[in-house]
Structures are given as structure tokens and as C-alpha cells.
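The structure appears below as C-alpha cells.
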Amino acid sequence: MARQPGAGDLREQIRIGRQVTASDGAGGQARSWVDGEPLRAQVLPFGAGDAEAVADGLAGVQGYKIMIRFGPAVDIDDRITWRGRVLTVLGAVDDTGRRRFLTITTDRGGVTG
């Protein structure tokens, strides 16, 4: 289990994005992303050793563990925006069961608008 962050550790700002569906006015539906309010977070890298094919070569895949204060529900259909990067949510869990912090596991990329 990871160490729980203190208030001073939540130095980063993230936004949780949700995909919404609306009528496109022609009888169909259009999907778009809506980002929520900014949240304070601790963002820690992990998994830099995994390889991914990029431009005829291999590049490391960077994942992140993001810790926020417990509150907003986070689902695997959501995305995280952090420092201009869009991160795919792989899961979210209350590690301690005490409803103080939520740990969100992400990887880079894979989400398009």
C-alpha cells in the first residue's frame, strides 16, 4: 500500500473528463468530452519499462498513479487531463477503505475526442 499524501503533497492540478452524448440535430448523436473542475492531486510515475511500438521503433510506456482526496467518482470510461496530457483511466480504488484518498491508475494516450 502506498503512503497516503499530506496536504502539501497535492501539488499538481488535474481534471477528470467524462464523455457525453448529445443530439447532433440530424437524428444522430455526437459524443464529446467535458472536463470537470480542477482537482489537487499527487502524480507519481510508474511502469516506464513497458514497451510500445512508436514510429517504427519501441518507446517506453509511462503510467501514473494519481492520488486525490476522496470524493468524485472516477470510472474506467473517464480520462484525466494533466499538464496538457490526456491519460486513460485504468482503475480507481480507495486503498485504505477510510474514504480519505482515491488512487487512480492511468496510462498515457489511447483516448481521443
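Each residue in D77, D94, D107 was given a count of other beta-carbon atoms within 10 angstrom of its own, and listing them fewest first yields D77, D94, D107.
Spin-label pair R85-R98: with each label point 7 Å from Cα along the Cα-Cβ axis, the two points sit 2.8 nm from one another.
Seen from a random direction on average, the alpha-carbon convex hull of segment 1-44 projects onto 4.5 square nanometres.
Each reported figure results from applying straightforward, stated rules to the coordinates on display, with no laboratory input. Small disclaimer: the values here were computed from a predicted structure and weren't measured. Cβ coordinates were reconstructed from backbone atoms using ideal geometry, including for glycine residues, and neighbour counts include every protein chain displayed.
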